[in-house]
1. Mind counting the residues in region 596-617 that are over 20 Å from the mean Cα position of the chain (by Cα), surrounded by 14 or more Cβ atoms within 10 Å (Cβ to Cβ) and not in a helix (DSSP H, G or I)?
2. Every residue in region 78-108 that is open to solvent by less than 20 Å² (accessible area, probe 1.4 Å) and in a helix (DSSP H, G or I), please.
3. Test Leu329 against the stated conditions and say whether it is farther than 30 Å from Leu216 by Cα and either part of a loop (DSSP other than H, G, I, E, B) or aliphatic (A, V, I, L, M) (or both).
4. Somewhere in region 172-181, is a residue aromatic (Phe, Trp, Tyr) and surrounded by 15 or more Cβ atoms within 10 Å (Cβ to Cβ)?
5. Hey, Glu319 hits all of (1) open to solvent by 40 Å² or more (accessible area, probe 1.4 Å); (2) modelled with pLDDT of 75 or more but one; which does it fall short on?
6. Just need a number here: residues in region 388-432 that are part of a helix (DSSP H, G or I) and touching a residue at least 40 places away in the same chain (Cβ under 8 Å).
7. List the number of the failed condition for Ala212; all other conditions in (1) in a helix (DSSP H, G or I); (2) buried (at least 18 other Cβ atoms within 10 Å of the Cβ) hold.
8. I want to confirm something. Restricting to region 345-397 and keeping residues that are among the polar types (S, T, N, Q) and within 20 Å of Pro332 (Cβ to Cβ), which single residue is most open to solvent (accessible area, probe 1.4 Å)?
Amino acid sequence: VSRQLKEEIRRGFARLEDPLAGLLAMLESSSDWKGKGHSLGYCITTELQLWIKEHPDVPQSGTKLKKLQARVLGMLSQCPPNLLDPLISIYQLHTADRNYLLEHVSHLYLQGYYKEAAILSIKLKLQPDQDVEKMCTPLLLQDKANLVEDYVGEYPELQRKLLQTLDTWCDPSFNIRDITRPYQGLSRYKPEKFNRRVLSKLVFRLLERFNADPALCPNVINQRHLRTLNYLFYKRFVEKTMTEENWADHIQSTVGENRWLQGHLVQSLLRHCGARGAARWAQRCRVPPEMLPRAVAEELQQLHIQDRVEEVTKADNYEDSKKKDYYQLPIPRENIHFLQTWEETLQCWEKVLQPGQVVGVDMEWKPSFGMVGKPRVALLQLALKDEVFLLDLPQLLEQAEAKGEKEKLPRFFQMLYSDAAITKLGYGMSGDLSSLAATCSALKDTEKQMQGVVDLLAVDKQVDGLSPEHSHEERGVRQPEKGLSLLVQHVLGKPLDKTEQLSNWEKRPLREEQILYAASDAYCLLEIYERLCKDPESFGLGSDLTESLVGKQSKKPRAKKQLNKQEAPSPSGQERQGPRMEPSCPPAPISPREFSVVCDNMLQGLGRYLRCLGVDVRLLDNEDDHRKAAEVSAQ
């Protein structure tokens with residue numbers, strides 16, 4: 001808005017006997033303000049809002065104000081979003097009679113203006129006096145889940161009620177048509193978006209956003225656990241890529257003492273293991289005898305105590321005879337150290353934080369199988385040339401907190417990752433650091449300070465011949481190698497044994513197989529790096545490995561950070577010769593108002609945040625195809 005227009009608007013206010021009534025009369029006689037964007041009506045309204053703050057003597061109370069409030073309420077349902085807040089502020093609607101406001105919103109609702117009723121309720125903070133199920137049901141039927149989130153956003157009690165309602169709808173015995181029947185004629189009604197699968201995803205999103213107790217939603221949680229159970233049976237008996245001990249850990253932690261899940265476990269065991277196998281596993285998982293089918297119960301009676309842990313599920317694990325097919329650690333077992341005290345850990349750090357050191361870094365966490373929350377790191381692996389250190393992170397964090405020394409771990413990571421004289425090797429480091437930040441919030445900015453980092457994920461697209469087709473000759477039913485295992489096979493000759501990858505890494509003590517797997521995952525990074533440094537050309541890389549890798553962004557999800565722009569020291573600690581890469585100048589910044597973006601439905605939270613910063617944002621509806629973002633951008 002030009003300065004001249006602003007001055008003219010303000011002179012107009014000064015001449016009016018009652019600026020509030022004047023603005024309302026103008027809006028009522030014009031339709032210009034109903035459109036989107038910065039109309040003249042919008043400019044005049046926002047200028048009046050500022051002018052009132054500068055002129056507190058303008059009368060803003062009494063019977064006259066109440067009459068104006070009644071008139072402005074009738075206009076709000078037609079208002080574009082950018083006018084709501086200024087009008088509510090100017091006419092002090094938050095001071096109006098609450099029952100009157102509730103009646104007005106109820107009237108909008110009964111007329112079928114569900115979205116408008118919800119938005120006005122949010123703006124006037126009326127939610128505690130409303131029925132959350134009644135207000136949110138038509139919004140969900142219209143696929144307006146984001147508005148539902150905003151509606152309960154500041155009220156924990158309403159969040160709990162909404163979650164319990166959604167969970168009731170997800171009960172397999174509940175007839176969803178009972179909910180949808182009263183809204184058959186609803187405009188923009190999307191029945192395909194209103195089913196248990198979509199509602200279940202919404203529940204998990206809300207549980208995470210509001211940090212709510214999952215116990216509020218037993219139906220949804222049970223269904224997710226059942227899918228995990230079916231997935232574990234698939235991994236063990238169809239794909240045959242999980243060891244028995246690993247599988248048993250997850251089965252016991254998934255099922256626990258839940259009777260409903262125990263029933264499904266027994267049925268699955270019968271299908272895959274027969275009555276005898278089902279009886280042994282039922283005994284091991286402490287399934288109550290009264291829940292067992294007769295055939296399984298009879299087998300259970302015949303079992304001997306000493307047979308309890310005998311192998312009965314012939315799932316073709318790759319036993320010792322097949323270990324020769326896989327990458328083997330070249331260091332003795334006694335050089336792998338599992339650290340659970342700070343005294344041991346500080347000795348480890350003295351070795352790691354040496355100038356010229358090359359360190360393989362990896363992390364493990366318990367698979368979430370789609371449950372709520374980000375994974376928390378359970379084990380940190382640091383590999384040096386002659387030894388590997390496995391740090392029990394939960395134990396070390398607990399000890400540090402008990403002694404009031406929370407900064408110990410963050411300090412180490414800051415020293416390690418910011419030291420350009422120490423080469424840190426990883427594979428998909430961005431994902432690891434994201435989980436590390438979820439484990440210890442003080443580490444959330446580690447990625448921004450990284451120096452001397454080589455993410456071998458960047459090699460994936462550069463090493464000649466690196467594709468899954470090369471990875472499963474003569475390996476029978478085994479799955480094709482991928483990711484780090486494929487890179488290890490191509491560079492070192494044999495793939496990694498990944499049968500422990502989906503282990504329960506939080507369970508203590510760790511099994512020997514887990515310890516060896518974790519150490520191998522970190523140590524193989526050193527060997528890959530050494531081989532690539534010695535002979536980069538035979539793998540299709542440039543003669544200067546640094547030049548081949550630096551500045552190449554990782555191509556897979558969760559690993560978007562560039563490698564640091566510096567020479568990569570060889571494993572001996574000596575810097576390789578080659579030109580130093582100068583960082584390119586960043587583009588000049590622009591103001592938010594010069595920036596326009598289109599966000600698809602997975603980025604609505606980002607879109608709302610950018611709007612707060614003054615960016616012009618178009619949010620696609622949930623039913624819009626992703627390609628529409630490109631079409632709108634082109635327009």
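1. Initial filter on region 596-617 (over 20 Å from the mean Cα position of the chain (by Cα)): 596-598, 611-617.
Pick out the ones that are also surrounded by 14 or more Cβ atoms within 10 Å (Cβ to Cβ) and you get 597-598, 611, 615-617.
Add one more test, that the residue is not in a helix (DSSP H, G or I), and what stays is 597-598, 615-617.
Total meeting the criteria: 5.
2. Leu83, Leu84, Pro86, Leu87, Ile88, Ile90, Leu93, Leu101, Val105, Leu108, listed by residue number.
3. The answer is yes for Leu329.
4. no
5. Every listed condition holds for Glu319 apart from (2).
6. Selection size over region 388-432: 15.
7. Of the numbered conditions (1) in a helix (DSSP H, G or I); (2) buried (at least 18 other Cβ atoms within 10 Å of the Cβ), the odd one out for Ala212 is (1).
8. Gln347
The values are calculated or read from the model by the stated rules, or taken from the named source; none is laboratory data. None of these values were measured; they are calculated from a predicted model. Don't worry about glycine lacking a Cβ; one is built from the backbone with ideal geometry, like all the others, and counts go over all protein chains shown. For accessibility, only protein heavy atoms count, side chains too; no ligands or nucleic acids. Shrake-Rupley method; radii C 1.70, N 1.55, O 1.52, S 1.80 Å.
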